[in-house]
Amino acid sequence: MSTDAPGGERIRVVIVDDHEMVRSGLATFLRVVRDLELVGAAASGDEAVRLCERLQPDVVLMDMVMPGLDGVAATQAVRARCPGTRIIALTSFPEEDLVQRALQAGATSYLLKNVGAAELAAAIRGAHAGKPTLAPEAAQALIQRATRPAPPGHDLSAREREVLALMKQGLSNRAIAERLIISSSTADFHVSNILGKLGVASRTEAVALAVQHHLVD
């Protein structure tokens, strides 16, 4: 099933998972792949950070959902302390928020625990070489996040939200200018921007949208 790592050196791997059965299964897998070497295992994120800092492994198989320091935080901590270590998020959960946070924390790859042995071995070799591997479900989650329309009001500035809150109170543009100590033309400009960003034609529509989507308190 395996081929030797570049240069004939074995890839040093650490397992991190709070379930003993998972750790045991992964350990058994690693022991039969000749170019991979299990150098340590941790049952928590905190333990993982300490272990990696001491061992400086090549690759970490990191569970994402653990009590205490979760996999995302542990990934970030390991990457900060061990810049040469690559992290593979290995989890049962393909939720887009978790995928996004894991990759932002520094994970090179994101795989689900139902991955096949040959695929996992290839992903470990790839991660060691700096090549990412994404489970199809993780890739789909990222595509869905990237293509989902942004919610109304996502691009309103802090000042525009202030103005919108005063519009909700029924204040005219002139009254808004007085309240915020700005010129009437500036107030008009902010209101015009708000209508444009919300894609509405009137103050009434803007306020209705603000209430519906909880854009202001």
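The values are calculated or read from the model by the stated rules, or taken from the named source; none is laboratory data. Predicted model, so just to flag it, every value in this text is computed and none were measured. Note that we place each Cβ from the backbone using ideal geometry, even for glycine, and neighbour counts take in every protein chain shown.
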query = Could you say whether any residue in region 146-153 is within 21 Å of the chain's Cα centre (by Cα) and in contact (Cβ under 8 Å) with a residue 12 or more places away in the chain?
reply = yes
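Quick check, is Gly196 in contact with a strand residue (DSSP E or B) (Cβ under 9 Å, 6 or more places away or on another chain) and free of Cβ contacts under 8 Å to residues at least 24 places away in the same chain? Spell out how you get there, then give the answer.
On the way: in contact with a strand residue (DSSP E or B) (Cβ under 9 Å, 6 or more places away or on another chain): no; free of Cβ contacts under 8 Å to residues at least 24 places away in the same chain: yes.
In short, no.
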task = Scan region 51-68 for residues that are modelled with pLDDT under 95 and surrounded by fewer than 23 Cβ atoms within 10 Å (Cβ to Cβ) and jot them down.
result = Val65, Pro67, Gly68
key: Single unsatisfied condition, Val99 versus (1) touching a residue at least 60 places away in the same chain (Cβ under 8 Å); (2) under 17 Å from Pro132 (Cα atoms)   = (1)
query = Within region 23-44, how many residues are in a strand (DSSP E or B) and either charged (D, E, K, R) or not assigned by TED's automatic domain parsing to the domain that holds Ile124 (or both)?
reply = 1
request  = Output the residues belonging to region 153-167 that are surrounded by fewer than 17 Cβ atoms within 10 Å (Cβ to Cβ) and in a loop (DSSP other than H, G, I, E, B).
outcome  = His154, Asp155, Ser157
Residue satisfying all of: in region 127-173; β-branched (Val, Ile, Thr) and at pLDDT 90 or above; nearest to Glu205 (Cα to Cα) among these = Val163
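Give region 193-217 a look and list any residue that's more than 35 Å from the chain's Cα centre (by Cα) and exposed (fewer than 14 other Cβ atoms within 10 Å of the Cβ), or say none. Break it down into steps so the answer makes sense when it comes.
Quick first cut of region 193-217, residues more than 35 Å from the chain's Cα centre (by Cα) only: 201-204.
Hits for region 193-217 are Ala201, Ser202, Thr204.
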ask   = So which residues in region 168-183 are of a type outside the set (A, V, I, L, M) and loosely packed, with under 14 Cβ neighbours inside 10 Å?
value = Gln169, Gly170, Arg174, Glu178, Ser183
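Look through Ala187, Ala208 and report the one residue that is over 30 Å from Leu61 (Cα atoms), part of a helix (DSSP H, G or I) and either among the aromatic types (Phe, Trp, Tyr) or touching a residue at least 24 places away in the same chain (Cβ under 8 Å) (or both).
Values: Ala208 fails: either among the aromatic types (Phe, Trp, Tyr) or touching a residue at least 24 places away in the same chain (Cβ under 8 Å) (or both).
Only one candidate passes the filter, namely Ala187.
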